[in-house]
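Taken together, the values in this text are just the output of simple stated rules run on the coordinates, not laboratory data. Everything quoted here is computed from the prediction, not taken from an experiment. Quick reminder, even Gly has a Cβ in these numbers, built from the backbone with ideal geometry, and neighbours come from all protein chains shown.
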Amino acid sequence: MKKYLITILLILLTACNSNRGKKDFTIHASAKECVDYVIAKDDSLGSIRNYASEKQSLSETIDDYVYSLDNLSFSNCPSTFTDAFEEHKDAWVNITEVTDNYPDLRGEMHDIFDIIADGPDSTTFKLLLAEIWATWEQVELVTTIE
């Protein structure tokens, strides 16, 4: 009996991990549902991102965030939204050009941003951070239009 229980538990554990690292293929009934889904997922992922840098480098945190965004389903999202979101994601990738220089900084993401913004890479960092905000404005703009 114990042997069968262990076998069943191993099967369940394997099944739970079978979707790890795979793209989310959620099908959305409408464009609005798709946009709402992506925005909600980004909100969740952003909350995780903001504190993940307490335990790992900011660049690793950003890489994890972008990887998670890459795995969201944009099926049935309007192309204007998808394009704007892709540019926003690219802006996050671009900021790692600077955050790569700070592998040992730990803390809440915005606190680390303040440290970098006051450091030797401040000019480049502020430009790249401004691009993140500008691309997010575009995401919000097409979200309200759609």
Q: Compare the Cα positions of Ala130, Pro103, Phe81 along the charge dipole of the range 27-145 (+1 at Cβ of Lys, Arg; -1 at Cβ of Asp, Glu; about the Cα centre) and return the one farthest towards the positive end.
A: Phe81
**Q.** Ranked list, fewest to most other Cβ atoms within 10 Å of each Cβ, for Ser47, Ser75, Ser68
**A.** Ser47, Ser75, Ser68
Q: Along Cα→Cβ, 7 Å out, is where each label goes; now give me the distance between the ones at Glu60 and Ser30 in nm to one decimal.
A: 4.3
Q) Using modelled amide H (1.01 Å from N, peptide plane; none on Pro or chain starts), what sits under 5 Å from the amide H of Ser53, excluding residues fewer than 5 places away? A) Met109
Q: Using a 10 Å cut-off on Cβ atoms, rank the peptides 29-36, 116-123 from the highest mean neighbour count down.
A: 29-36, 116-123
Q: For the range 27-145, give the magnitude of the charge dipole about the Cα centre (Cβ charges: +1 Lys/Arg, -1 Asp/Glu; no others), in debye to the nearest 20.
A: 280
Q. PRE reach from Ala134 (point 7 Å along Cα→Cβ): which of the range 83-116 fall under 19 Å by backbone N?
A. 83-99
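Provide the FRET efficiency to the nearest 0.05 for the Tyr67-Ile39 pair, computing r from the beta carbons and using R0 = 25 Å. Walk me through the numbers on the way to the answer.
Details: r = 18 Å, r/R0 = 0.74.
After rounding to 0.05, the efficiency reads 0.85.
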Q) Arranged from highest to lowest average of other beta-carbon atoms within 10 Å per residue, in what order do the peptides 88-98, 102-112 appear? A) 88-98, 102-112
